[in-house]
Amino acid sequence: AAAQQRSDVVRDGDEVTLPAECFRNMMQTCEKTTWLFIGQRKPTEPLFEHGKFQQAAKTKSDRLNITANCSLVIKKVSVEDVGLYTCRQFDASGRQQGSDSNVYLSVVNSKYLYQFVFNSKYFVTTETDKI
């Protein structure tokens, strides 16, 4: 099955909830749900695995939360949050269940719209008066 794709544009400073469309109802907890993050000039980083936030999330851990259905909440969104977020669900044996659920997060402020470009060192920035 192909990965599910979604794009969200959020205003700088706002809160966003990235839905865990990978989440399967038979799992009662988020113990087997993983959230990965790819940002500009960064390798893939696990944000949430095995029921807890990982080292990569430490710098923004006060702004991150996981809901009961394993969605990822980011408070006070900033340009550093621009990127690709991937949700994966695993079974008890560690095999992935279903396909990835991908969310491309863009951030807009009073001057620019910041968009993630896969395999690029740079954001795409567009002046907000041009969009």
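The values are calculated or read from the model by the stated rules, or taken from the named source; none is laboratory data. Here the structure is a predicted model, which means the values were calculated and not measured. Every residue, glycine as well, gets a Cβ built from its backbone with ideal geometry; the counts of neighbours run over all protein chains shown. Side chains included, ligands, DNA and RNA excluded: accessible areas come from the protein's heavy atoms. Shrake-Rupley method; radii C 1.70, N 1.55, O 1.52, S 1.80 Å.
Here are the numbers for this structure:
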{"read-out": "At q = 0.14, 0.32 Å⁻¹, base-10 log of I(q)/I(0) for segment 40-83 (Debye sum, equal scatterers on each alpha carbon)", "value": "-0.32, -1.40"}
{"read-out": "Heavy-atom accessible area per residue - the chain, 1.4 Å, Å²", "value": "56 Å²"}
{"read-out": "Stretch gain in nm, segment THR67-LYS42, where the contour uses 0.36 nm per residue and the Cα spacing is subtracted", "value": "6.4 nm"}
{"read-out": "Principal axis box of the chain, alpha-carbon based, largest edge first, Å", "value": "49, 32, 24"}
{"read-out": "Pairwise label distance in nanometres, VAL9 with LYS52, each label 7 Å out on the Cα-Cβ vector", "value": "3.9 nm"}
